[in-house]
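Novice: Let me give you the structure first, and then I'll get to my questions.
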Amino acid sequence: MADVPLSAPSRPDLSHAAHTAERLLRDLPERWAHSAGVARRAREVAATVAPAERELLVAAAWLHDIGYHADLTKTGFHPLDGALWLHRQGWPERLCALVAHHSGARFAAAARGLTRELARYPFEASPLTDALTYADQTVGPYGRSMAVAERIAEVLSRHGADSVQARIHHQREPYLLAVAARVERRLAAA
Ligand SMILES: [Fe+2]
């Protein structure tokens, strides 16, 4: 896919997110169906963020896993690789930061010795970050709907007992469950 890095318009617009994700992920069916499912779930929980942030939320959902594309690999850590590519292509800084930090990426970055690299993108603790992470954590491979606890278990079993995911489980699980509780509270109030 040599055309991928040149495919974004010179000033990327959030409305191009789905198209950009499709170009990057269509050859990775599991990731592509997952990303489309996360975008759908992001729309369903969009009422938990300010109206002005809803388009950004859905764009980040489409793009959050593009770092899995082999041509985008810089560090081997997909949230960071995705953010770095989006940054090079001129996407908004806040979108890059959302992708860099989705689903508690900072815990895995620390375990991989990438804290300094990830810190180039600020972590924002907000309803927007929560909504993106919640959408990612309630949709599994191939876009299957899952409860957050089931998704956490699925990730652990897929990555194995010796994985980074297993090592950071004690930090990541409470974070993800707290995110889910906050989003579900906001949904109930919306
Ligand atoms: Fe994901």
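The values are calculated or read from the model by the stated rules, or taken from the named source; none is laboratory data. Predicted, not measured: the structure shown is a model, and the values here were computed from it. Don't worry about glycine lacking a Cβ; one is built from the backbone with ideal geometry, like all the others, and counts go over all protein chains shown.
Novice: Among the residues that make up segment 98-114, is at least one of them more than 24 Å from LEU187 (Cα to Cα), away from the ligand (no atom under 16 Å from the Cβ), surrounded by fewer than 14 Cβ atoms within 10 Å (Cβ to Cβ) and modelled with pLDDT of 95 or more?
Specialist: Yes: one or more hits.
Novice: Across segment 129-185, which residue is farthest from SER35 (Cα to Cα) among those that are more than 14 Å from the ligand (Cβ to nearest atom), modelled with pLDDT under 95 and polar (S, T, N, Q)?
Specialist: Restricting to residues being more than 14 Å from the ligand (Cβ to nearest atom), modelled with pLDDT under 95 and polar (S, T, N, Q), the top hit is SER163.
Novice: Take segment 60-79 and flag every residue that is crowded, with 22+ Cβ neighbours inside 10 Å and over 10 Å from the mean Cα position of the chain (by Cα).
Specialist: Scanning segment 60-79 gives a single hit, PHE77.
Novice: Mind listing just one residue for me: the one in segment 16-59 that is more than 16 Å from the ligand (Cβ to nearest atom) and among the small types (Gly, Ala, Ser) and, of those, surrounded by the most Cβ atoms within 10 Å (Cβ to Cβ)?
Specialist: Among those that are more than 16 Å from the ligand (Cβ to nearest atom) and among the small types (Gly, Ala, Ser), it is ALA46.
Novice: Moving to a separate point now. Across segment 136-159, what is the number of residues that are touching a Pro at 6+ places or on another chain (Cβ under 9 Å) and surrounded by 14 or more Cβ atoms within 10 Å (Cβ to Cβ)?
Specialist: 1
Novice: Return the only residue of ARG94, ARG23, ARG41 being more than 15 Å from the chain's Cα centre (by Cα) and touching a residue at least 12 places away in the same chain (Cβ under 8 Å).
Specialist: Only one candidate passes the filter, namely ARG23.
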